[in-house]
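Participant: There's a structure below that I have some questions on.
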Amino acid sequence: MNHACKVEIVTDAIKLDSIVKLLDEVGVSGYSVIKDVIGKGTRGIRGDDGLTELFKNNYIMIVCNEKEMNTIVEAVCPIIHKFGGICIVSDVIQRIGRTQSNPPNPRD
């Protein structure tokens, strides 16, 4: 078991490329993206209008250590403040999966 942080970001679909670029620039080794999430927040109900990316949201999840979490939050904060969305951080226990501190065993 590894103690870790989970960073969850929901923001405009049009900002996905910018956020992914930031994650790569700060050295994030992995993340998951779920496109076209639907929900209700301060901007009302957001979902697919079928025509443009304008009203779509995407969900990005990263599991990382605390130092990486601080770097990620600092990097995405300006985008969230300018374009809307939310960034949630949770303490989690990673029970299964590989991390940089727990690399795969070449003998497996």
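For (1) of a type outside the set (A, V, I, L, M); (2) over 13 Å from Tyr59 (Cα atoms), each residue gets a yes or a no:
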site: Cys5; (1), (2): yes, yes
site: Glu8; (1), (2): yes, no
site: Asp12; (1), (2): yes, no
site: Lys15; (1), (2): yes, no
site: Val20; (1), (2): no, no
site: Asp24; (1), (2): yes, yes
site: Lys35; (1), (2): yes, no
site: Ile38; (1), (2): no, no
site: Ile45; (1), (2): no, yes
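Participant: Among Ile79, Ile60, which is modelled with pLDDT of 95 or more, touching a Leu at 6+ places or on another chain (Cβ under 8 Å), surrounded by 14 or more Cβ atoms within 10 Å (Cβ to Cβ) and not aromatic (Phe, Trp, Tyr)?
Facilitator: Being modelled with pLDDT of 95 or more, touching a Leu at 6+ places or on another chain (Cβ under 8 Å), surrounded by 14 or more Cβ atoms within 10 Å (Cβ to Cβ) and not aromatic (Phe, Trp, Tyr) holds for just one of Ile79, Ile60, which is Ile60.
Participant: Within the stretch 28-43, take every residue that is charged (D, E, K, R) and part of a strand (DSSP E or B) and give me the one that is surrounded by the fewest Cβ atoms within 10 Å (Cβ to Cβ). Please lay out each step first, then the result.
Facilitator: Our first condition is that a residue be charged (D, E, K, R); within the stretch 28-43, this holds for 35-36, 40, 43.
Going one step further and asking which of them are part of a strand (DSSP E or B), we end up with 35-36, 40.
Working: Lys35: 13, Asp36: 13, Lys40: 9.
Among those that are charged (D, E, K, R) and part of a strand (DSSP E or B), it is Lys40.
Participant: Which residues, counting only those in the stretch 62-93, are under 20 Å from Lys40 (Cβ atoms) and either within 10 Å of the chain's Cα centre (by Cα) or in a strand (DSSP E or B) (or both)?
Facilitator: Those that are under 20 Å from Lys40 (Cβ atoms) and either within 10 Å of the chain's Cα centre (by Cα) or in a strand (DSSP E or B) (or both): Ile86, Cys87, Ile88.
Participant: Right, next: Here is a list: Ile38, Ile14. Which entry is more than 19 Å from Pro78 (Cβ to Cβ) and of a type in the set (A, V, I, L, M)?
Facilitator: On the way: Ile14 fails: more than 19 Å from Pro78 (Cβ to Cβ).
Answer to the selection: Ile38.
Participant: Still on this structure: Find all pairs meeting these conditions: Cβ atoms under 6 angstrom apart; at least six residues apart or on different chains; first residue within the stretch 83-102 and within 23 Å of Lys15 (Cα to Cα) and surrounded by 14 or more Cβ atoms within 10 Å (Cβ to Cβ); second residue modelled with pLDDT of 80 or more and not hydrophobic (A, V, I, L, M, F, W, C).
Facilitator: The qualifying pairs are Gly85/Thr11.
Participant: Using beta carbons and a limit of 6 Å, which pairs, at least six apart or on different chains, have the first residue in the stretch 13-34 and over 10 Å from Cys64 (Cβ atoms) and the second one hydrophobic (A, V, I, L, M, F, W, C) and not in a helix (DSSP H, G or I)?
Facilitator: Ser32/Met61; Val33/Ile60
The values are calculated or read from the model by the stated rules, or taken from the named source; none is laboratory data. Keep in mind the model is a prediction, meaning the values are calculated, not measured. Counting neighbours? That spans all protein chains shown, and the Cβs are built from the backbone with ideal geometry, glycine included.
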